[in-house]
Amino acid sequence: MPRITVTVDGVTYEEDVEPRLLLVHLLRDRLGKTGTPVGCDTSNCGACTVMLDGRSAKSCSVLAVQADGSDVVTIEGLARGDEWHPMQKAFHTEHALQCGYCTPGMIMAAIDLLRDDPDPSEEAVREGLEGNLCRCTGYCNIVRAVRLAAQEMSQAGERREVRTP
Amino acid sequence: MSEQLDAGLIAERIAESDQLGEPSGAHEVGRARRRKEDARLVTGRTTWTDNIQLPGMLYMAFLRSPMAHARITRVDTSAARARPGVVAVYSGRDLAGEQGSLPCAWPVTDDIVIPDHPPMAVEEVRYAGEAVACVVATDRYKAADALEAIEVDYEPLDAVVDMTEALAEGSPLVHESGNRAFTWKFAGGDIDAAFRDAPVVIERTYVQQRLIPTAMEPRAVVATTDGDGFTLYSATQIPHVLRVMLALTTGIPEHKLRVVAPDVGGGFGSKLQVTAEEVLSLLVTRRLGKPVKWTESRSEGNLTVHHGRDQLQRISLAAERDGRVRGVRVDLLADMGAYLMLVTPGIPLLGAFMYNGIYKIDAYDFTCTGVFTTKMPTDAYRGAGRPEATFAIERAVDELAHELGLDPVEVRRRNWITHQEFPYDTICGLTYDSGNYEAATEKALALFGYDKLRAEQSDRRDRRDPVQLGIGVSTYTEMCGLAPSRVLGSLSYGAGGWEHASVRMLPTGKVEVVTGTSPHGQGHETAWSQIVADALGVPFGDVAVLHGDTAISHKGMDTYGSRSLVVGGVAVLAACEKVKDKARRIAAHMLEASADDIEFSAGSFTVRGTAEGRTIQELALATFAAHDLPDGVEPGLDADATFDPDNFSFPHGTHLCAVEVDTETGACAIRSYVAVDDVGSVVNPLIVEGQVHGGIAQGIGQALFEEAVHDTEGNLLTTTMADYLIPTAADLPDFTTDRTETPATSNPLGVKGVGEAGTIASTPAVVNAIVDALRPYGVHDVRMPCTPERIWRVVSEAGPPASGSGARAGAASAEAPAGTSAEAPASAPGTASAPGSRSGSDSGSGSGSASTRAPGSGEATSSSEGGAR
Ligand code: FES
Ligand code: FES
């Protein structure tokens, strides 16, 4: 069994993994990182989205062995202590979640979207989040939240790199 | 009374209301409080059922039938049993003596056929995906691996896919008793008189396609035992109902069974069920004495989570030349699928009382036949019967308007109940307590810019613009707040419709509320806290709401049918009133005054005309110490209440949709969408707006994208999220929402319920808009989902447009049963196909780098989860 080293939310793990083990199952079943949920088996829903070396990735479509040597940030590692990431705050403020199952992936994808486009139009947000499905909200408030977070982050001059320093 | 929730207002409200836990001077009810639930959800500290790990836990995986209908002639589990990590393998035969039959709680007629429904098939499989064996292993990959080592021999039997064919003479049978489950009739007024010599008769047939609910959290179950009692964690909407039903099904005594609904990721009716997997998990944990977990894959879920809708509706409408509707006749076929599950046969009945919509109609006749097919059973899906009814009447009223050359809003106006006429007894025997259809419609028309859009439409028609504009109107009402128990009794439902709550003041002055509702995204923790904060005069942040665990919340009827606030919220309020009554007596005693002289305000009980008083927190501590209570008063400050409503509640509203339809390609885009809903008084406008948004999106999903497609053999073709398309952010516009508020008179909060409104209203709004766009082409219908292909086909078959805007009226013959419609039978040989498809790798989160989509990852996915079939 291959041995991999992976940093997740600031903690470095060394694990022996079956080559076929999915990153999301490594996170959930082995490392107890259950904040990242699974919503499908065809890489369509985006619920499992995490930051892999600073960019968003669907952790159900990455093998654990492929993450060897990588830095992973999940929804659980996003806040700095008690201080939520502006995207977390914006989702709360704009009521951008109901059941919350899509939320971890949606937040991660939205943060990555702002990296490429710090001030996205409504349309750009909608296009950018097309790979993340939500069945509860109808997306209106998600779009509002992402644009609110964009404003707050640029006002604060904040371009927070989401990876372990 | 109402206000538009625009972004600016929301921003103001954030500033005003996001001080969680701060005592507030103003009323809590009506404020846009940010949700208490969010903290754990945005930080990943959630308890989804699949997150639960117990020591020694084993994992279950199911082998499922690859055929829709077959006799099982042999199951050999020995090779699978020998696989590494495999603890046990069971076939249906192994469990036959103890698995019982999955329950149906709604025998709608005396002669209904309720077939035996073994959780795991023993002799025969009747839908593709039915469980035939299960593996229990030490991890989820090993369990899935071992499935391929199970050998099953099937003797194929004929599939029964189409409802009409199922009822025809000589059809193959799903069950020996025949393919008709029941026929249920309901009538009011003199329908023959209404249709006799009617100047206008509209007859239409509409197909309510089969839908897959698709809550984002797949189902999951964890079962465990201490050797005496059992605990079942399940992603369910109905922990209380489930406990009763599981006790009856498995023989585990009810008091030895605890059911927990932890965080549940959406339901939409799909988790209002007693599932095979829940029963089988309990049986396996009983056999092995170890905790077991089962989590479905999405593909498994598309096959085996109960489906929704799937009705064939024939609706006839008799009217006067001035547009007044005399009578409505409805003849329904409802696809039950292979078995009757928890409330399968009752779903069309929930619609039966709604085909009159908001209109004054003198005569009504309704017949529904439930039909067995070899498909996954249908059951509740958001709206459950009412979206179907609303769709049919709202589509038919548009057809009537077209036939008469009237504006669709005008026809509605000539028929609807005016606000002075409430309470109004409908032809269906319901009493609509309150409403103001005029006000909601006026507001919607203004927000929408109706006249301007009509002018543009007419211009485009005159120009023969290939991109036509269509305007869709939907004025709906629904019956919510399930339900008065006596009504459920009269409809042969197996339970009541009450709800329970406890409110307890803790010694330190904090408040615990226990509710029998079981939220899975609706925000009850927040809304119930607002109600309690106002009722008891305590800070919002001092209230905790407990739910979803039968050991904590011992009785309840759970969450579905837009019932939670209307029934459960009212129970919470009633319990608060009882707490206050007791507190008043104790305050009077302590203040040496008469209870009649005690006034309550903002959390303090004071002697009238004096400053002397006690806060509710002080009284809580005093009743805890119990040193000085009035004679006969028990220590403690808490109360229980159970509320059983007298009547349903009737939210209503007007939804308007503008679509642009490209007649050359069939492409259809929603240009604007306005929803003005009247859900009565509002506890939290932010939550209400969110429910409306999500509801509209789901209704649009039915109109434009979603369909569970089967081939002629009964195989489901839309097994993945790439084939069964729920709307993405890019598929939807921003919605303009507003409200009118006509309080319900049937409960003290004045609330009506909002969970299903958007879904009920939006589907006909969208389809009416599409048909409206295509009227110049002589088009009367486009079958849902209205995909570009269907639209293109119906336009090309219809021929060139009639010229000018005059084409709006008279192009149709009211006699034509379905007009020109894109009605390719779903089961015609070779025509079955998924409505579209979405490739997984193309829809990355906009950013997946090459390394995230490495080759081999698809294989990994299928080896871990795809083995379930
Ligand atoms: S779980 Fe659906 S994309 Fe990963
Ligand atoms: S909030 Fe429920 S799926 Fe998005």
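Summary table
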| item | result |
| --- | --- |
| Every residue from the stretch A:14-55 that is in contact with a helix residue (DSSP H, G or I) (Cβ under 8 Å, 6 or more places away or on another chain) and assigned to a strand (DSSP E or B) | A:E15, A:L22, A:T49, A:V50, A:M51, A:L52, A:R55 |
| Residue that is of a type outside the set (K, R) and within 9 Å of ligand 1 (Cβ to nearest atom), where the choices are A:S70, A:S59 | A:S59 |
| Residues located in the stretch A:62-83, provided they are over 18 Å from B:G265 (Cβ atoms), at the interface with chain B (Cβ under 7 Å from one of its Cβ atoms) and open to solvent by 10 Å² or more (accessible area, probe 1.4 Å) | A:L63, A:Q66, A:A79 |
| Cβ pairs under 6 Å, 6+ apart, first in the stretch B:469-497 and not assigned by TED's automatic domain parsing to the domain that holds B:S562, second open to solvent by 10 Å² or more (accessible area, probe 1.4 Å) and basic (K, R) | B:L469/B:R460 |
| Listing of strands (runs of 3 or more DSSP E) fully contained in the stretch B:22-114 that carry 2 or more residues being open to solvent by 30 Å² or more (accessible area, probe 1.4 Å) | B:70-76 |
| Single condition A:G138 does not satisfy, out of (1) within 17 Å of the chain's Cα centre (by Cα); (2) at the interface with chain B (Cβ under 10 Å from one of its Cβ atoms); (3) surrounded by 24 or more Cβ atoms within 10 Å (Cβ to Cβ) | (1) |
| Qualifying position, being of a type in the set (K, R) and within 31 Å of the chain's Cα centre (by Cα), among B:K555, B:K582, B:K578 | B:K555 |
| Residue match in the stretch B:156-175 (condition: part of a strand (DSSP E or B) and open to solvent by 10 Å² or more (accessible area, probe 1.4 Å)) | yes |
| Checklist (1) within 7 Å of chain B (Cβ to nearest Cβ); (2) small (G, A, S); (3) open to solvent by 30 Å² or more (accessible area, probe 1.4 Å) applied to A:A57, failing item | (3) |
| Pair list, Cβ under 8 Å, 6 or more apart: the stretch A:93-109 residue under 20 Å from A:D9 (Cα atoms) and more than 7 Å from chain B (Cβ to nearest Cβ), other residue within 6 Å of ligand 2 (Cβ to nearest atom) and at pLDDT 95 or above | A:M106/A:L97; A:M106/A:C134 |
| The stretch B:403-453, residues that are touching an Asp or Glu at 6+ places or on another chain (Cβ under 7 Å), small (G, A, S) and over 15 Å from B:T745 (Cα atoms) | B:A440 |
| Any hit, the stretch A:109-122, residues being within 16 Å of ligand 2 (Cβ to nearest atom) and more than 16 Å from B:I687 (Cα to Cα) | yes |
| Selection within the stretch B:224-236 - part of a loop (DSSP other than H, G, I, E, B) and more than 15 Å from B:E277 (Cβ to Cβ) | B:D226, B:G227, B:D228, B:G229 |
| Qualifying residue in the stretch B:651-673 (condition: aliphatic (A, V, I, L, M) and not in a strand (DSSP E or B)) | yes |
| Number of positions in the stretch B:475-503 that are under 19 Å from the mean Cα position of the chain (by Cα) and within 21 Å of B:V397 (Cβ to Cβ) | 4 |
| From the options B:V259, B:V241, B:V221, residue that is assigned to a helix (DSSP H, G or I) and at negative phi | B:V241 |
| Residues satisfying the stated conditions in the stretch B:237-270, i.e. within 16 Å of ligand 2 (Cβ to nearest atom) and under 20 Å from B:E37 (Cα atoms) | B:Q237, B:A261, B:P262, B:D263, B:V264, B:G265, B:G266, B:G267, B:F268 |
| In the stretch A:53-70, residue nearest to ligand 2 (Cβ to nearest atom) [restricted to those that are in contact with a Leu (Cβ under 6 Å, 6 or more places away or on another chain) and hydroxyl-bearing (S, T, Y)] | A:S59 |
| Residue within the stretch A:39-52 that is at the interface with another protein chain (Cβ under 8 Å from one of its Cβ atoms), within 13 Å of ligand 2 (Cβ to nearest atom), among the acidic types (D, E) and crowded, with 24+ Cβ neighbours inside 10 Å present | no |
| Qualifying position, being open to solvent by less than 10 Å² (accessible area, probe 1.4 Å), over 28 Å from B:V371 (Cα atoms) and within 16 Å of ligand 1 (Cβ to nearest atom), among B:G323, B:G301, B:G265 | B:G265 |
| Residue check, A:T7 within 16 Å of the chain's Cα centre (by Cα), surrounded by fewer than 23 Cβ atoms within 10 Å (Cβ to Cβ) and within 14 Å of ligand 1 (Cβ to nearest atom) | no |
| Matching residues, the stretch B:720-754, being within 14 Å of chain A (Cβ to nearest Cβ) and open to solvent by 30 Å² or more (accessible area, probe 1.4 Å) | B:D723, B:A730, B:D731, B:D734, B:T736 |
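The values are calculated or read from the model by the stated rules, or taken from the named source; none is laboratory data. None of the values given here were measured: they were computed from a predicted structure. Reconstructed Cβ throughout: ideal geometry from the backbone, glycine too, with neighbour counts over all protein chains shown. We work out accessible area using only protein heavy atoms, side chains counted, and drop any ligands, DNA or RNA first. Shrake-Rupley method; radii C 1.70, N 1.55, O 1.52, S 1.80 Å.
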